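A short worksheet on the structure shown next.
The values are calculated or read from the model by the stated rules, or taken from the named source; none is laboratory data. Model, not experiment: these values are computed from the prediction. With ideal geometry, Cβ positions are generated from the backbone for all residues, glycine too; neighbour counts draw on all protein chains shown. Ligands, DNA and RNA are excluded from the accessible area calculation, which covers all protein heavy atoms including side chains. Shrake-Rupley method; radii C 1.70, N 1.55, O 1.52, S 1.80 Å.
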Amino acid sequence: MKLNVFLSPVIVDELYFTGKTTVVIDVLRATSTIITAITNGAKEIVPVASVEFAVKVSGGMFGGQTLLGGERNTKKIEGFALGNSPFEYSKEVVDGKSIVFYTTNGTKAIAKAKYSENLFICSFSNITAVTNHLISLNTDLEIICSGRNNFLALEDTVCAGMLVSKLQKNLGDIIINDSAKAALILYEKYNSDILSVLQSSDHGEILIKNGFEKDIEYCSKTDVSDTVPFYSNGVLKKLKNS
Ligand code: MLT
């Protein structure tokens, strides 16, 4: 098995992912929020790469059951029902709903990987469930760290390193690229205190300044969900049996 990590989606063209198995990670907060929403019963999430497109597709396409969610500069976007805090995506709010979702980095990374044969969403919260599914597939793998504004994000890199470590433990010899090796080294350095990694990261500091300290704590928790969101026909849904 060959495994490549991309420390930012900007370094690769979308056609690269055609026919591949890909995992997208945006710990703070897009993929953590997507996993929460689907775990809490959201029917589907429609990830979009621009606010304008979010407004366009939400206009009646999904039988009035649509919510607009996401953020710009960590804040809820004017006219949107929900921001990007996982706490906003409770069962009462999202059960049975289609959510059109835009975020600065995470949904753009998902859009970049849209031609993948298999596309999954990962965060610390569902990492063992994702690992188990990848083991059952046993295909070559691309892991995209969404990063932040085209830069590496430490929390995404450490999460990618955790995924690589878990896959290596289960599958033995995997051929990994240099970015995967770097992610693994960072994971081994920081795995005893994931919360501190998130709190002291560039994005974590911005979220704390904006009052989202609780979100960071929430996003640092490992294996609180068995949900593996997967992408098909433009929407993210819960993988059956996950
Ligand atoms: C993103 O996708 O850029 C993030 O999820 C932003 C955020 O923290 O809300």
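Key figures for this structure:
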| quantity | calculated |
| --- | --- |
| Pick from region 70-98, criterion open to solvent by less than 30 Å² (accessible area, probe 1.4 Å) and under 19 Å from ILE25 (Cα atoms), ranking: modelled with the lowest pLDDT | THR74 |
| Any hit, region 58-73, residues being assigned to a helix (DSSP H, G or I) and over 18 Å from PHE230 (Cα atoms) | yes |
| ALA42 vs. criteria part of a helix (DSSP H, G or I) and either farther than 20 Å from TYR231 by Cα or under 17 Å from the mean Cα position of the chain (by Cα) (or both) | no |
| Selection within region 103-117 - in a loop (DSSP other than H, G, I, E, B) and within 13 Å of the ligand (Cβ to nearest atom) | THR103, THR104, ASN105 |
| Residues that are over 23 Å from LYS75 (Cβ atoms) and either open to solvent by less than 20 Å² (accessible area, probe 1.4 Å) or modelled with pLDDT under 95 (or both), drawn from region 195-208 | VAL197 |
| Residue within region 226-234 that is touching a residue at least 40 places away in the same chain (Cβ under 8 Å) and assigned to a helix (DSSP H, G or I) present | no |
| Filter result (closer than 16 Å to ARG29 by Cα and open to solvent by 40 Å² or more (accessible area, probe 1.4 Å)) within region 151-184 | PHE151, LEU152, LEU154 |
| Long-range neighbours under 7 Å by Cβ, at least six apart or interchain, first residue in contact (Cβ under 8 Å) with a residue 40 or more places away in the chain within region 183-205, second within 14 Å of the ligand (Cβ to nearest atom) and among the polar types (S, T, N, Q) | ILE194/SER220; LEU198/SER220 |
| Residue under evaluation LYS214, criteria (1) modelled with pLDDT of 95 or more; (2) open to solvent by less than 70 Å² (accessible area, probe 1.4 Å); (3) out of contact with any strand residue (DSSP E or B) (no Cβ under 7 Å at 6 or more places or on another chain); (4) within 30 Å of LEU68 (Cβ to Cβ), criterion not met | (2) |
| Index of the failed condition, ALA54 passing every other in (1) within 15 Å of the ligand (Cβ to nearest atom); (2) modelled with pLDDT of 90 or more; (3) surrounded by 16 or more Cβ atoms within 10 Å (Cβ to Cβ) | (2) |
| Residue among LYS181, LYS240 that is in a helix (DSSP H, G or I) and either closer than 30 Å to THR66 by Cβ or not aliphatic (A, V, I, L, M) (or both) | LYS181 |
| Residue under evaluation ALA37, criteria (1) over 25 Å from LYS97 (Cβ atoms); (2) of a type in the set (A, V, I, L, M, F, W, C); (3) not in a strand (DSSP E or B), criterion not met | (1) |
| Residue check for ILE127: within 16 Å of the ligand (Cβ to nearest atom), open to solvent by less than 10 Å² (accessible area, probe 1.4 Å), more than 15 Å from ASN40 (Cβ to Cβ) and outside any strand (DSSP E or B) | no |
